[in-house]
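The values are calculated or read from the model by the stated rules, or taken from the named source; none is laboratory data. This structure is a prediction, so every number in the text was calculated from the model and none was measured. Heads up, the Cβs are rebuilt from the backbone with ideal geometry, glycines too, and the neighbour counts pull from every protein chain shown. These accessible areas exclude ligands, DNA and RNA; they are computed on the full protein's heavy atoms, side chains included. Shrake-Rupley method; radii C 1.70, N 1.55, O 1.52, S 1.80 Å.
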Amino acid sequence: MREPIRKLEEHVEAAVQKPVRLVVAALILRGFAEEGVRGLEVLICQRKPDQPMSLKWEFPGGKIEAGETSEDALARELNEELGITAVIGRRVARVRHKYRNGGSIDLQFFVVREFDGALENRIFNDIRWAPLADLPGYDFLAADLGLIRDLSEGKLL
Ligand SMILES: Nc1nc2c([nH]c(=O)n2[C@@H]2O[C@H](COP(=O)(O)OP(=O)(O)OP(=O)(O)O)[C@@H](O)[C@H]2O)c(=O)[nH]1
């Protein structure tokens, strides 16, 4: 009888110490889906040298704040990071990833096809448009790797 109770306590404790971080990110696209993984480009962003997981590539976005919907959070982050006002499209993927430091993230990816304003790099080391086929050549954050494979093989969009 004692074993299940101990397990439950451990579980609760872990949840209190390391809450899952809810993160949203954008696949900002340009080009033509009909031309396949060479004709469609996505905006990718490189983390700065002084950030954790430095110089890794990721998609623009960030954590959802209290009271925000996923779409609100993503629109806010894109405005803060890139200076654009984006129309948030459909959600195309959701992944749960446990990083080695013990923290977990719940990551949702949305397509963005339309935005107002000129893209401006406000916080990244570098930003660039990459054809979907080239994505596996960039050193992406671990949580993104399944998505990178699917995008580059034309399986997702
Ligand atoms: N924006 C973005 N974040 C991602 C991606 N993949 C991924 O694992 N993440 C993780 O999701 C979190 C996003 O948080 P954030 O953008 O608000 O803050 P941050 O990089 O300063 O990280 P931190 O506040 O956890 O230190 C980071 O821990 C980041 O490593 C991605 O493709 N885009």
For this session: Could you grab the pairs with beta carbons closer than 6 Å, sequence gap of 6+ or different chains, first residue in the range 93-107 and among the charged types (D, E, K, R), second one open to solvent by 50 Å² or more (accessible area, probe 1.4 Å) and more than 9 Å from the ligand (Cβ to nearest atom)?
Result: 106/20; 106/22; 106/96
For this session: For the range 52-67, name all the residues that are open to solvent by less than 90 Å² (accessible area, probe 1.4 Å) and in a strand (DSSP E or B).
Result: 57, 58, 61, 62
Exercise. Does at least one position in the range 143-152 carry a residue that is among the polar types (S, T, N, Q), surrounded by 16 or more Cβ atoms within 10 Å (Cβ to Cβ) and either closer than 16 Å to residue 71 by Cβ or within 14 Å of the ligand (Cβ to nearest atom) (or both)?
Worked result: no
Seminar exercise, completed: If we keep only residues of the range 107-138 that are touching a Lys or Arg at 6+ places or on another chain (Cβ under 6 Å) and under 12 Å from residue 59 (Cα atoms), then the residue surrounded by the most Cβ atoms within 10 Å (Cβ to Cβ) is 110
Seminar exercise, completed: Just one listed residue, out of 90, 21, 47, is open to solvent by 80 Å² or more (accessible area, probe 1.4 Å) and touching a residue at least 40 places away in the same chain (Cβ under 8 Å), and it is 21
Exercise. Before we move on, is residue 44 within 17 Å of residue 128 (Cα to Cα) and at pLDDT 95 or above?
Worked result: yes
Exercise. Are any residues in the range 68-87 of a type in the set (Asp, Glu), exposed (fewer than 15 other Cβ atoms within 10 Å of the Cβ) and more than 11 Å from the ligand (Cβ to nearest atom), and if so, which ones?
Worked result: 72
